Amino acid sequence: MDNKSLVSIDDYTKEEILEVLARAAEFEKNPNCNLLEGKVIASLFFEPSTRTRLSFETAISRMGGRIVGFTDSSSSSVTKGETLKDTTKMVSNYCDLIVMRHPIEGSARYASEVSDVPVINAGDGANQHPTQTMLDLYSIMKTQGTLENLNIFMVGDLKYGRTVHSLLMALSHFNPTFHFIAPPELEIPRGYKIFMDKNDIKYFEHTEFDDIINDADILYMTRVQKERFVDPLEYEKVKNVYILKNNMLANTKDNLKILHPLPRVNEIAVDVDTNPKAYYFQQALNGVYARQAIIAKALNL
Amino acid sequence: MDNKSLVSIDDYTKEEILEVLARAAEFEKNPNCNLLEGKVIASLFFEPSTRTRLSFETAISRMGGRIVGFTDSSSSSVTKGETLKDTTKMVSNYCDLIVMRHPIEGSARYASEVSDVPVINAGDGANQHPTQTMLDLYSIMKTQGTLENLNIFMVGDLKYGRTVHSLLMALSHFNPTFHFIAPPELEIPRGYKIFMDKNDIKYFEHTEFDDIINDADILYMTRVQKERFVDPLEYEKVKNVYILKNNMLANTKDNLKILHPLPRVNEIAVDVDTNPKAYYFQQALNGVYARQAIIAKALNL
Amino acid sequence: MDNKSLVSIDDYTKEEILEVLARAAEFEKNPNCNLLEGKVIASLFFEPSTRTRLSFETAISRMGGRIVGFTDSSSSSVTKGETLKDTTKMVSNYCDLIVMRHPIEGSARYASEVSDVPVINAGDGANQHPTQTMLDLYSIMKTQGTLENLNIFMVGDLKYGRTVHSLLMALSHFNPTFHFIAPPELEIPRGYKIFMDKNDIKYFEHTEFDDIINDADILYMTRVQKERFVDPLEYEKVKNVYILKNNMLANTKDNLKILHPLPRVNEIAVDVDTNPKAYYFQQALNGVYARQAIIAKALNL
């Protein structure tokens, strides 16, 4: 049997992405089931993350599974100097599946290699967060009816935002046109541009956040975090520039949906929340269904 | 469908109070059931509270429900600057009911207004703690056979004690006679006296804690907390005055029961514990049944 | 009904040890069951312990039970000054069984005396950790086919290691020959030597960790912790002496198994992990089955 871990969104082929999204749609119709009856899932959060953890734990609970684990490393053996390998081997003996969030890049891959059971990466530092990508894709598919040929606008911190990078890679299967809106300090990294060039993916870069979004099918907002700037003055210059306000949506397309991985701080004004194009809260809910499908696939259920 | 949230004890009419107490008595007979099968309850404790949390989680578990959540805000997105509104909207998308403890007064009401599912207030700062009131009422009803026409003595911190205030409001439906025993610094606030005057509720104030309790049906003890005093010397003067000792119970009524919201520090001497009139540990257990009934009502089950 | 608590390994007779081990073997064959359906187990960890907690919670989950509790005392009422007695009495009202880890020696015994439900000691300071002992015994029984007449080698911190002391006491029922390998600072305490002398138990003491292990059936490794040494220089002298390396196993017996209570830091070199004689990860898994059997016995199921 091959390893069913999901560490990076690249672990899924285009076909597997579509298969999991179809499965998520089934879970949305019937979220409660007994697929995980008799199964124990380890939820190992070496750093806190309410949203992702609650979403996973809700998914597992609705499937009838049991959860053991920890919510931050202060209550784990890590404080006694245990290696990630030993913790993983120990836990993989107990349980049927591991969901892991860890601050160190590459930790999820390493864990998947020493574990006897599948590992689902719930975020490893700035590296990967593939289940977020799957819920983003599911939200796009559900609201647009397709993943193909869409105008995708990404706004904010495109340099460090792992959700942006993974979504870019995943959408590259589906002939997108990307528009990147970011300050120069936070523009999309060169490696991704080379990747898009090589794969004939159309993309445009902007520093202004204005009526160019009228052409968007999806507007993917992210936080511009102060701690990403070496010079605090640079942050002060841009911090209020990449904020979405309701009046900016007046001439946007009817099918436009606004996504955000959440938590949002102030990059989307509160008056947007009641606009029917705002979709970020439903997007968070979609995370439960996407994760149910990912868990089912990992366990071959 | 009307909002079934329980934020303040005033959200229940007299009839609803009696209905929930009757339901609690049924749960006491058969605590284990499947009423919450397939339901996911969010237990959001923005500040720690073992007793209330364990009581709720036991109630939910005995009803077959699943629990997701956090036990203090350090492991929540709050640390990333997320607003209570966003956290609540997100979680209310996931789950069927929210149980929330929050340090800020008014937070539970606000959450109930933005949530798509009912919210049960498990304590919002010094403001309200309605499920505590319901378990207090259930304990009184169970031990006295009625809530009507009782002599209720309240002792200790009557100024800041939210359990005292809510119980006072709830009992006002049932023609009580109140006796308040407290140091002047911690006497019952003027607003409650005005309320009782307007509603023809008999009450008496005392600063001495002595044989006046011989007339009591219920003796409701609370902690006198050092941090409530502006002047530490004032605290030193009263700290040992409002302590219940076993010999003080010699001439009290046979039907007297001693209640305390717990945790107790030293305001009830340990030698009282074995007196049959001590009821605070059973009272805590009653919290499970009262909360089962409150949850069932909130979900219309 | 007698108190079914397990506070110290001495609470079990030889017959009870064997009965629980036999039951553990049954749970290993069929770990998933409904024995705890409708039961709520309190998991009270006054200090963090991932391994023990996850093992217990997995055991309970696989038996269909529900868990309430806390993972460290910061989220408990202890911070409000509540006594262990009150916390225990409160929780024992709610639940069917208490699993307790507490930093203070003797706390588990005290809790078992005030609790209305059985208490299982999951470690009380340096004192007792009887469920660890039962999983150690189960691992020995499973790999050697018997507990009788074995050559047991114990290595490392034999002075403070509670797992060593409890295992010594438990194995004394089964005619063992002990070999103790430790620096003089950490040798087995005199009280245990007197006990062995009185009970005609053969034992040998060594300070060198060398080919004397070729005679071992069981090699029980423990950590040498820096904080145990008054003089840091003494620690520096011995810290690399009691490390097991793969080449040391070349001439050991075929039936030898290496145990370790985990977490391991560096006292077993990583190259040992793939040696078939390494058994510490399976040993940890055995903890789930041993704890299932212990819980079943405590609840008379």
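The values are calculated or read from the model by the stated rules, or taken from the named source; none is laboratory data. No experiment lies behind these values; they were computed from the predicted model shown. Cβ sites come from the backbone with ideal geometry, for glycine too, and all protein chains shown count toward neighbours.
A compact table of results
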| item | result |
| --- | --- |
| Every pair of residues 6+ apart whose Cβ atoms lie under 9 Å, when the first sits in region B:125-139 and is under 21 Å from B:SER107 (Cβ atoms) while the second is surrounded by fewer than 24 Cβ atoms within 10 Å (Cβ to Cβ) and among the aromatic types (Phe, Trp, Tyr) | B:ALA126/B:TYR160; B:PRO130/B:TYR12; B:MET134/B:TYR12 |
| Filter result for B:TYR192 (modelled with pLDDT of 90 or more, under 22 Å from B:ASP10 (Cα atoms), in the same structural domain as B:PRO263 (by the TED database) and touching a strand residue (DSSP E or B) at 6+ places or on another chain (Cβ under 7 Å)) | no |
| All positions within region A:239-267 that are within 20 Å of A:ARG162 (Cα to Cα) and at pLDDT below 95 | A:LYS239, A:TYR242, A:ILE243, A:PRO261, A:LEU262, A:PRO263, A:ARG264, A:VAL265, A:ASN266, A:GLU267 |
| Region A:249-291, residues that are within 13 Å of chain B (Cβ to nearest Cβ), over 17 Å from B:CYS95 (Cβ atoms), aliphatic (A, V, I, L, M) and in contact with an Asp or Glu (Cβ under 8 Å, 6 or more places away or on another chain) | A:VAL265 |
| Condition broken by B:CYS95, with the remaining ones in (1) touching a strand residue (DSSP E or B) at 6+ places or on another chain (Cβ under 6 Å); (2) within 11 Å of chain A (Cβ to nearest Cβ); (3) over 27 Å from B:ALA24 (Cα atoms) satisfied | (3) |
| Selection status of B:TYR289, of a type in the set (Ser, Thr, Tyr) and either at pLDDT below 95 or under 27 Å from B:ARG228 (Cβ atoms) (or both) | no |
| Region B:145-175: number of residues that are in a loop (DSSP other than H, G, I, E, B), hydrophobic (A, V, I, L, M, F, W, C) and farther than 16 Å from B:LEU259 by Cα | 0 |
| Checklist (1) in contact with a strand residue (DSSP E or B) (Cβ under 6 Å, 6 or more places away or on another chain); (2) hydroxyl-bearing (Ser, Thr, Tyr); (3) away from chain B (no Cβ under 12 Å) applied to A:SER49, failing item | (3) |
| Failed criterion for B:GLU113 (all others in (1) on the phi < 0 side of the Ramachandran plot; (2) away from chain A (no Cβ under 14 Å) hold) | (2) |
| Which listed residue is surrounded by fewer than 19 Cβ atoms within 10 Å (Cβ to Cβ), on the phi < 0 side of the Ramachandran plot and β-branched (Val, Ile, Thr), from A:THR146, A:THR131 | A:THR146 |
| Whichever residue in region C:263-284 is buried (at least 20 other Cβ atoms within 10 Å of the Cβ) and farther than 25 Å from C:ASP215 by Cβ and, among such residues, is farthest from the chain's Cα centre (by Cα) | C:PRO263 |
| Residue in region A:25-41 that is closer than 30 Å to A:SER172 by Cα, crowded, with 21+ Cβ neighbours inside 10 Å and more than 9 Å from every other protein chain (Cβ to nearest Cβ) present | yes |
| Residue, farthest from B:GLU82 (Cα to Cα), within region A:30-65, restricted to residues that are in contact (Cβ under 8 Å) with a residue 40 or more places away in the chain and charged (D, E, K, R) | A:LYS39 |
| Conditions (1) at pLDDT 95 or above; (2) among the hydroxyl-bearing types (Ser, Thr, Tyr); (3) farther than 20 Å from C:LEU171 by Cα; number of the one not met by C:THR207 | (1) |
| Top-ranked residue of region A:117-164 - restricted to ones that are more than 13 Å from the chain's Cα centre (by Cα) and assigned by the TED database to the domain that holds A:MET90, ranked as farthest from A:THR50 (Cα to Cα) | A:VAL117 |
| Hey, C:GLU187 in contact (Cβ under 8 Å) with a residue 24 or more places away in the chain, over 30 Å from C:PRO31 (Cβ atoms) and loosely packed, with under 14 Cβ neighbours inside 10 Å or not | no |
| Set B:TYR220, B:TYR235: member being out of contact with any Leu (no Cβ under 9 Å at 6 or more places or on another chain), assigned by the TED database to the domain that holds B:LEU135 and surrounded by 14 or more Cβ atoms within 10 Å (Cβ to Cβ) | B:TYR235 |
